[in-house]
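Scroll down for the structure; my scribbles are underneath it.
All of the numbers you see were taken from the coordinates with simple rules; none came from a lab. Given the structure is predicted, the values throughout are model-derived calculations rather than measurements. We place every Cβ from the backbone using ideal geometry, glycine too, and count neighbours over all the protein chains shown.
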Amino acid sequence: MLELIIVSTLNGVLYGMLLFLMASGLTLIFSMMGVLNFAHASFYMLGAFFGYQLSRALGFWPALLIAPVLVGAIGAAVERYGLRTVHRHGHVAELLFTFGLAFVIEEVVQMLWGRLPVDYRVPPTLDFTAFTIFSTNYPAYKLFELLTAIAIFAVLLLVLTRTRAGLIIQAALTHPDMVAMLGHNVPRVFMLAFGVGTGLAAVAGVIAGPALVTQSNMAGLLGPILFVVVVVGGLGSLAGAFAASLLIGLVQTFAVAMNVSLADLLALFGARLAPDAFFAEITQVTVAQIAPIMPYLLLVLILIFRPRGLFGTRET
Amino acid sequence: MTVQALEIEALHKNFGRVPIIRGVDLAIAAGERHAVIGPNGAGKSTLFHLISGRFAPSSGHIRLHGADITGHAPYEINRRGLARSFQVTNIFPRLSVFENVRCAAMWAMGYRTSLWRAVDGLADLTARTEEVLEQINLIDRRDLPAGVLSYAEQRALEIGITIVGGGDVVLLDEPTAGMSRSETEHAVALIRKVTEGRTLVMVEHDMGVVFDLADRISVLVYGQIIASDTPERVRANPAVQEAYLGTAVAAPS
Amino acid sequence: MSAVAQTGVRRTGRGGALAGVWVVAAALFAVLPYVFSSGTGLTTMSLMAIMIIFALSYNMLLGQTGMLSFGHAVYYGLGGFLVVHAMNGITAAHLPVPLAVLPLVGGVAGLVFGVIFGSVSTRRGGTAFAMISLGLGELVGASALILRDFFGGEDGITTNRTKLLHVAGFNFGPQLQVYYLIAFWCLVCMMAMYALTRTPFGRICNAVRDNPERAAFIGYNTQSVRFIAFCLAGLFAGIAGGLTAINFEIMNAANVGAAPSGIVLLMTYIGGVGNFAGPVIGAVLITFLQVMLSDATEIWQLYLGILFIVMVSFAPGGIAGLIAMHAPVWRARLLHRLVPAYALALALGLVTFAGAALALEMAYRLSAGSEGGTAFRFLHVPLDAASAAPWSLAVLLAVPGFVAFRRVLPIVGNAWAATLAEARRGRGR
């Protein structure tokens, strides 16, 4: 039991930190530009596929550096040549644009790499067991992912709290209209924010790719969870995104490990349902089976009890 | 004692730790035309937002015809008979001018969100809308999208949307802001006409308009009302003169 | 300006003209099977009619009330599933219920789920609503894979439409009979949804779309306006889902998933959200492309996505918006003035597109996704993606074509401005 708790906590924190790598960029872009980037998870997917392709040609470590830069450049170009045109039509048009972009990126990835998973492997230098808890071997690669995510988190925190650029971004988070009045080159700031945000998502993609499955549906699987994170955390709140990332990471990881169902719970109280009763199917679903829908259940609960999200201040 | 149209009691509003409204008491009788004046940043618009339900007060009470409306939602307050305009034009830009006014009349005329009546067939609704369009002088513009009207026309439409619903307490937030002299004169005549028989509360910077229209004036300075009286007495009030540093108040005759 | 065309007040004589439109629509529905009598023609038209209902129901949210939903297939899919189960239940119990009324079951299901999920999601508008609709869509989509008894997993649940009570000799075996059933429901739903836009409720939806804050200060609870619109959109989506179930005699988990939610958004937007006819145009066009392009190319969804992005960027009013934009020029009989500029731009646009499409098709042949080798046919010409010649051709078409197209755009713009100005002057006289 203790083993399960420790391993699940480690995995949950890891998953949560990866979510936050993406949610932070998403929040940054949303707060500064008012655009909720529907294609954010698509840039994560591009990161994974670029990482895969580059690591085959150059090895994992160069790929880890180059892929995010490339993806960030694509992100900046999308802002410069796409979003900026749509901006005058309003936020709904911007959201629709990024929705179309997500659609196109998925199709392009399918076109270039096919629908089947690609063989993106853990680099040999990290392919060993870091430590053993009770009987579970914890792979070094997961530890590396966790440390990378934490390192980036630390750098982000430093940049945001200790540098001039960070202060401007913080001002933009709380008073989005003020950015324009600060006399900065706003289009350029937007382009950079979009580039950095998508680049961060790509880092998550490069390091998560070998551990998870690198496949053309990975954006479609992760994207909605990402939006749950930002809504649950409160739109535009970095602290909220952090809390919600960890919360969802932990909830989902623990759920996977729990093999009990409502029927088991009912049995504890001596109740037993005929297996062919109308609602029997629902009671026989185990917690592990509903792990994929846990984030969405959480979303519904938050909406009922705290519509603004955990740390949210804005209504829209 | 008769019930006041609008009654405000010990009203406070803080934004974070910053107090904006610091204890306002005000009573406005039915049929009165009341102006709220004061220097920039005194809290006039905030006061309107509190009365109309856009913000909830930190403490205090607001009563409309004796009924407590403190902290109610804007639509509830509107349904109880309070209508307001906005300092920054706040219309439905993609709807036609006619549709703007008609939408604003629908709830009050009992059609609400009816799903089974053809809106074009409602003769009384159309008649009322056209009547107001005549009053605000936009009948020729009726089929244009409101977003393409000139500034002065949009201000007139703003007033039309506010008064068409038959709210008997009307709040106008700087109805003549940004208008030329002739436009202002026109607007004053319009306001006088359309608020006939109603209670009017207005925020206004143009002292000509204020002294022209108002039966009584309240002076709001730094979140408190320092005087509330007839125009003549307000003008003579030393505290008011001090607040304005002797500038604006003395101007009109 | 398309919004004005839709919301502007027209006076006397409208009723007659409107009735005329519906008569023409009914006649079209009746005659079309004789024009396109092939099997593909019938199934395509059936699908189009279903999609018209689905897209119009979606536009009650996006175009009418300003609510961007990423999960509208929930109500469509659940409506379909309940109709499948209802059909199987009715067949098993030998109840005397004719097939023709079954879409109502879908409608009620869509309405009920609209009430349930709407009460959670319509509390907030704007971006938050969009994200919540996505979350609910995923919730139901993922649940559909878990609850295998009800949703049948990836295989789905099948039914047989011919086993229900036969009325007046219709057994709904032949596709033609199913087509007429769908066409009937399509016409009824179109009329109902159009009528709704002409009610006080329909008008206040537009007001809430334009300026929710102001709507609150004229006495409307924007939350409940959004909620009612959401429930009604669910109702009509459910009817569309029910017709899908009858048409295909199968529903599977993918029907409640992200794909149909995305497609309905694409078709509605490409058709045009500011005009009642927009979603109808979009549904017909996209369904047509789906059927035709999926035969011609493996990567047709990519083209669809690109088309969508182009529309969002340059024609936010959709196809209907573009058409409505030309109405004053048409009325002034000046449309011919635009033909040369448009023809030039169209020709260059097609050249650019041909080059780009050729490059995309060849990239696909060379990639891991393709299974058919590098040889393929482009516009019936056999080519090999592994050779240099077609690549040169693609570049020679696309690059100069695009450069020239960019040069021509100002010419089109000037021609448009001049013609429109003249059309307005003509009307003023």
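For a test of the definition: using alpha carbon positions, the gyration tensor, and the 1.5 limit on a/c, classify region C:77-154 as rounded, prolate or oblate.
Details: a/c = 3.86, a/b = 1.81, b/c = 2.13.
Oblate.
Our coupling estimate for region C:72-80, obtained by passing each phi through the Karplus curve with A = 6.51, B = -1.76, C = 1.60 and θ = phi - 60°, is 6, 5, 4, 7, 4, x, 5, x, x Hz, Gly and Pro reported as x. Note on B:Arg102, C:Arg407, C:Arg365: ascending count of other Cβ atoms within 10 Å places them as C:Arg407, C:Arg365, B:Arg102, the fewest first. Summarising the label geometry, the points placed 7 Å from Cα in the beta-carbon direction at A:Val155 and A:Phe134 lie 3.6 nm from one another. Per-peptide packing, taken as the mean over residues of other Cβ atoms within 10 Å, places B:92-101, A:204-213 in the sequence B:92-101, A:204-213 from highest down. Comparing B:His65, A:Ile290, C:Tyr75 along the charge dipole axis of the protein assembly as shown, the residue lying farthest to the positive side is B:His65, per the Cβ-charge model.
What is the average number of partner chain Cβ atoms found within 10 Å of a Cβ in A:218-226? Please list the in-between numbers first.
On the way: counts 0, 0, 5, 2, 0, 3, 11, 2, 1.
For this peptide, the per-residue mean of nearby foreign Cβ atoms is 3.
Taking other Cβ atoms within 10 Å as a rough exposure proxy, B:Lys193, B:Lys13 sort from fewest to most as B:Lys193, B:Lys13. Working from label points 7 Å from Cα in the Cα-to-Cβ sense, the C:Arg425 to B:Ala56 distance is 6.0 nm. Averaged over the residues of B:85-95, the number of partner chain Cβ atoms lying within 10 Å of the residue Cβ comes to 5. The value of relative contact order for chain A, using C-alpha pairs under 8 Å at least six residues apart, is 32 percent. Within chain A, the selection of entire DSSP H helices by a Cα span of 24 Å or greater along the long axis and an average Kyte-Doolittle value of at least -1.0 returns A:2-33, A:40-58, A:60-78, A:91-113, A:140-162, A:186-208, A:238-257.
Could you line up A:Ser216, B:Ser58 from fewest to most neighbouring Cβ atoms inside 10 Å? Intermediate values should be presented prior to the final figure.
Values: A:Ser216 23, B:Ser58 14.
Least crowded to most crowded, the residues run B:Ser58, A:Ser216.
Here the 3J(HN,Hα) profile of region C:137-147, calculated from phi with Karplus coefficients 6.51, -1.76 and 1.60 at θ = phi - 60°, is x, 5, 4, 6, x, 6, 4, 4, 7, 7, 7 Hz, Gly and Pro shown as x.
Which of the three applies to region B:69-141, rounded, prolate or oblate, going by the alpha-carbon gyration tensor with a ≥ b ≥ c and a/c under 1.5 meaning rounded? If you can, show how the numbers build up before the last one.
On the way: a/c = 1.94, a/b = 1.22, b/c = 1.59.
It comes out oblate by the Cα gyration axes.
The packing ranking, built from the mean of other Cβ atoms within 10 Å per residue, places the peptides A:108-120, B:115-127, B:203-215 in the order B:203-215, A:108-120, B:115-127, highest first.
Taking amide H positions as modeled 1.01 Å from N, with prolines and chain starts lacking one, the residues under 5 Å from B:Ala227 and 5 or more places away or on another chain are B:Val219. Between the beta carbons of C:Ala386 and C:Leu285, assuming R0 = 30 Å, the FRET efficiency works out to 0.30 to the nearest 0.05.
Treating the beta-carbon of each Lys and Arg as +1 and of each Asp and Glu as -1, no other charges, what is the dipole magnitude of the protein assembly as shown about its Cα centre, to the nearest 20 debye? All intermediate terms of the calculation are to be shown ahead of the outcome.
Working: 63 positive and 55 negative charges, 308 e Å.
Around 1480 debye, computed over the protein assembly as shown.
What FRET efficiency would be calculated for the residue pair C:Ala417, B:Ile139, taking the C-beta separation as r and a Förster radius of 45 Å, to the nearest 0.05? All intermediate terms of the calculation are to be shown ahead of the outcome.
Working: r = 30 Å, r/R0 = 0.67.
Once rounded, the FRET efficiency stands at 0.90.
For the protein assembly as shown, what does the helix formula give at 222 nm: sum of -39500 (n - 2.57) over DSSP H segments with n ≥ 4, over the residue count, nearest 500 deg cm²/dmol? Display every interim value, and only then the final one.
Details: 40 runs with 616 residues, N = 998.
The helix contribution divided over the protein assembly as shown gives -20500 deg cm²/dmol.
Under unit Cβ charges (Lys, Arg +1; Asp, Glu -1), what dipole magnitude, rounded to 20 debye, does region B:6-243 have relative to its Cα centre?
Working: 25 positive and 29 negative charges, 130 e Å.
Dipole about the Cα centre, nearest 20: 620 debye.
As a length-normalised measure over Cα pairs under 8 Å and 6 or more apart, the relative contact order of chain B settles at 26 percent. Taking 7 Å steps out from each Cα toward its Cβ at C:Met325 and B:Ala73 produces label points 3.8 nm apart. For region A:2-218, the direction-averaged projected area of the alpha-carbon convex hull comes to 13.2 nm². Can you tell me the relative contact order of region C:2-324? Whole percent, Cα pairs under 8 Å, sequence separation 6 or more. Value for region C:2-324: 33 percent.
Highest mean first, what order results for B:77-87, C:379-389, B:133-143, A:247-257 on Cβ atoms within 10 Å? Write out the running numbers ahead of the final one.
Details: B:77-87: 22.7, C:379-389: 11.8, B:133-143: 16.9, A:247-257: 20.1.
Result, highest mean Cβ count within 10 Å first: B:77-87, A:247-257, B:133-143, C:379-389.
The dipole here belongs to chain C: it is taken about the Cα centre, uses +1 on the Cβ of Lys and Arg and -1 on the Cβ of Asp and Glu, and is about 2060 debye. Using the Cα gyration tensor of chain C, with a ≥ b ≥ c the square roots of its eigenvalues, what is the shape: rounded (a/c below 1.5), prolate (a/b larger than b/c) or oblate (neither)? Verdict is oblate for chain C.
For the charge dipole of region A:120-268, defined by +1 on Lys and Arg C-beta atoms and -1 on Asp and Glu C-beta atoms about the Cα centroid, which residue among A:Leu238, A:Leu250, A:Val189 has the Cα displaced farthest towards the positive pole? Comparing the listed Cα positions along the dipole, A:Val189 ranks first. Among the residues of C:146-153, the average count of other protein chain beta-carbon atoms within 10 Å of the residue beta-carbon is 3.
Debye-formula intensities of chain B, expressed as log10 I(q)/I(0) at q = 0.10, 0.18 Å⁻¹, are -0.49, -1.44 (one equal scatterer per alpha-carbon, no solvent).
Residues whose amide H lies under 5 Å from that of B:Asn14, counting only those 5 or more places away or on a different chain, are B:Ile20, B:Ser58; hydrogens are built 1.01 Å from N in the peptide plane. Residues whose amide H falls under 5 Å from that of B:Ala27, counting only those 5 or more places apart or on a different chain, are B:Ile8, with hydrogens built in the peptide plane.
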